[in-house]
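Visitor: Structure below; questions to follow.
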Amino acid sequence: MPRFKSPHLLVAESGADRAGHGLRRTMGLFQLICFGIGAIVGTGIFVGLSDSVAQAGPAVVVSFVLAAITCVFTALSFAELGGAIPVSGSSYSFAYAGLGESTAFLVGWCLLLEYGISISAVAVGWSQYVNELLHSLTGLQLPHAVSAGPGDGGIVNLPAVIVIAMAAVLLVRGVRESARATAAMAAVKLVILVAFCAIGFSAFKDGNLVPFSPAGLGGIGAGTTAAFFSYIGFDAITTAGEEAKNPRRDIPVAILVCMGVVTLLYCAVALAATGAIGGDQVAGRPAALSYVVNQVTGSTIGGGVIAFGAVVAIASVVLAVMYGQTRILMSMSRDGLIPRVFEKVSPKTATPVAGTLIVALVFALPAAFASLDAVMNLCTIGTLAIMAVVNVVVIALRRREPTLARTFRVPLYPVVPLLGVGFCLYLMYETGWTTWVQFAVFLAMGLLVYVGYGRRNSTLARAAAVTPDATDAVLQEA
């Protein structure tokens with residue numbers, strides 16, 4: 001029989017609605033919006049744009065819109081659940097309430113891809129722009145052997161390790177400090193991208209958009225899958241449920257504002273880049289935005305400014321995504337599904353210091369030795385699977401918990417969450433069969449971990465061992 005936790009029990013156990021809990025409520029609506037933008041805007045647009053253009057050509061704008069539609073459907077579901085269940089566990093906790101413990105564990109396992117692996121992928125992208133910035137300032141670059149992993153022809157990617165270490169240090173100092181840094185970096189990246197659009201549109205030529213879709217609908221579909229990586233991270237806002245001042249009101253608003261701002265910005269950047277120099281010049285180009293500005297201005301100064309913005313932007317993504325990963329692991333640890341070390345919160349800094357350092361160490365390894373392409377598709381399919389589950393959870397909880405207080409409701413229910421599931425499945429299909437095989441192996445590993453450790457050590461299992469009806473009693477009491 002599946003083990004469920006009611007939303008009320010999840011909130012009660014997290015301490016989200018009581019004083020004296022280890023985490024502190026310091027984030028207002030503005031900080032949440034900055035945190036969301038900080039988690040989203042980074043490698044996907046600064047590095048991944050060239051891959052999307054390589055697939056779709058100038059029609060990459062359409063790909064960004066389709067990827068945004070996929071995310072908007074799910075963002076509405078996240079908004080409803082984030083306001084109703086304001087805890088740090090995000091989609092993991094939502095799945096626990098709506099679909100049961102085993103599904104929740106696999107969602108948490110997939111979150112290792114969305115958050116953990118994307119930390120590594122983003123750090124690799126940061127390394128590319130560090131080299132671009134150094135080149136524009138000094139004419140020199142880091143030796144390839146220490147700025148790229150073996151998959152990209154190097155030995156070890158030291159800049160990628162350094163940015164993860166810096167994010168970990170900032171996170172263990174406290175959420176208030178991290179939020180301030182994220183807000184500052186979000187402002188810098190928005191100014192830089194707006195400046196890029198101004199430069200790109202100043203050289204815009206209609207002829208550069210012809211042919212608009214050189215690979216047809218298939219290219220647009222493949223470009224949509226690549227563009228989707230640019231939106232990964234918006235759900236990180238829900239991981240701040242226990243550190244937001246008014247999570248039931250602010251989390252839904254922050255999610256919807258972030259999605260609107262980011263979508264408009266991405267479409268403008270894609271149109272400016274391809275309209276300025278043509279899709280064939282952007283496609284497959286490392287540090288593509290800097291290259292576009294250099295070509296338009298005839299100088300490396302503008303490209304250096306863009307590279308500086310990218311260094312700041314991508315660093316903020318590492319910070320925000322690592323924050324989300326540690327909070328999800330903390331929720332899973334509370335439930336006994338993973339070791340207890342991840343739930344320990346420092347009384348001095350009110351942060352999970354041990355969990356943060358472990359996450360930094362584990363995901364610095366693939367950042368040091370893996371290429372960006374090697375992890376991007378696997379990260380994408382894992383994220384899409386989570387998003388599909390979240391849409392299903394909205395439907396499940398509407399039936400299971402009809403009286404649950406919801407500060408936001410998905411409009412046009414159940415059409416919107418069903419469309420969210422459909423779009424997610426389509427983009428998962430577009431990742432290709434090799435990615436599906438890798439994902440299946442990853443899920444099988446997760447299922448083995450759950451059966452071998454999580455199922456026996458979960459708090460619900462221990463409660464049932466003490467009293468056979470304990471789990472039902474706890475759920476009824478909640």
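Visitor: Applying the selection to segment 290-317, what residues are modelled with pLDDT under 90 and among the aliphatic types (A, V, I, L, M)?
Guide: Matches in segment 290-317: 301, 305, 306, 307, 310, 311, 312, 313, 314, 315, 317.
Visitor: Still on this structure, I have one more. Given (1) modelled with pLDDT of 95 or more; (2) closer than 26 Å to residue 109 by Cα; (3) of a type in the set (A, V, I, L, M), identify the lone condition not met by residue 415.
Guide: Unmet condition: (2).
Visitor: Does residue 73 satisfy the criteria of being more than 30 Å from residue 133 (Cα to Cα), part of a helix (DSSP H, G or I) and either in contact (Cβ under 8 Å) with a residue 60 or more places away in the chain or among the acidic types (Asp, Glu) (or both)?
Guide: Values: more than 30 Å from residue 133 (Cα to Cα): yes; part of a helix (DSSP H, G or I): yes; either in contact (Cβ under 8 Å) with a residue 60 or more places away in the chain or among the acidic types (Asp, Glu) (or both): yes.
Yes, satisfied.
Visitor: OK, next. So residue 177 clears everything in (1) under 25 Å from residue 423 (Cβ atoms); (2) without any contact (Cβ under 8 Å) to a residue 60 or more places away in the chain except one condition, right? Which one?
Guide: Exception for residue 177: condition (1).
Visitor: Among the residues of segment 101-123, count how many are β-branched (Val, Ile, Thr), surrounded by 24 or more Cβ atoms within 10 Å (Cβ to Cβ) and over 14 Å from residue 321 (Cα atoms).
Guide: Of the residues in segment 101-123, 1 are β-branched (Val, Ile, Thr), surrounded by 24 or more Cβ atoms within 10 Å (Cβ to Cβ) and over 14 Å from residue 321 (Cα atoms).
Visitor: Among helices (runs of 4 or more DSSP H) lying entirely in segment 234-323, which contain 3 or more residues that are of a type outside the set (A, V, I, L, M, F, W, C) and surrounded by 23 or more Cβ atoms within 10 Å (Cβ to Cβ)?
Guide: On the way: elements: 247-277, 279-282, 288-297.
Of the helices (runs of 4 or more DSSP H) lying wholly inside segment 234-323, those with at least 3 residues that are of a type outside the set (A, V, I, L, M, F, W, C) and surrounded by 23 or more Cβ atoms within 10 Å (Cβ to Cβ) span 247-277.
Visitor: Further question on the same structure: Does residue 336 fit the bill of being in contact (Cβ under 8 Å) with a residue 40 or more places away in the chain, within 25 Å of residue 440 (Cα to Cα) and of a type in the set (Gly, Ala, Ser)?
Guide: yes
Visitor: Looking at segment 5-21, is at least one residue small (Gly, Ala, Ser), at pLDDT 80 or above, under 24 Å from residue 255 (Cβ atoms) and crowded, with 24+ Cβ neighbours inside 10 Å?
Guide: no
Visitor: How many residues are surrounded by 21 or more Cβ atoms within 10 Å (Cβ to Cβ) and more than 17 Å from residue 113 (Cβ to Cβ) when one looks only at segment 431-440?
Guide: 0
Visitor: Filter segment 114-129 down to the residues that are β-branched (Val, Ile, Thr) and within 12 Å of residue 47 (Cβ to Cβ) and list them by number.
Guide: 122, 124
The values are calculated or read from the model by the stated rules, or taken from the named source; none is laboratory data. Because the structure is predicted, anything quoted here is derived from the model rather than measured. Counting neighbours? That spans all protein chains shown, and the Cβs are built from the backbone with ideal geometry, glycine included.
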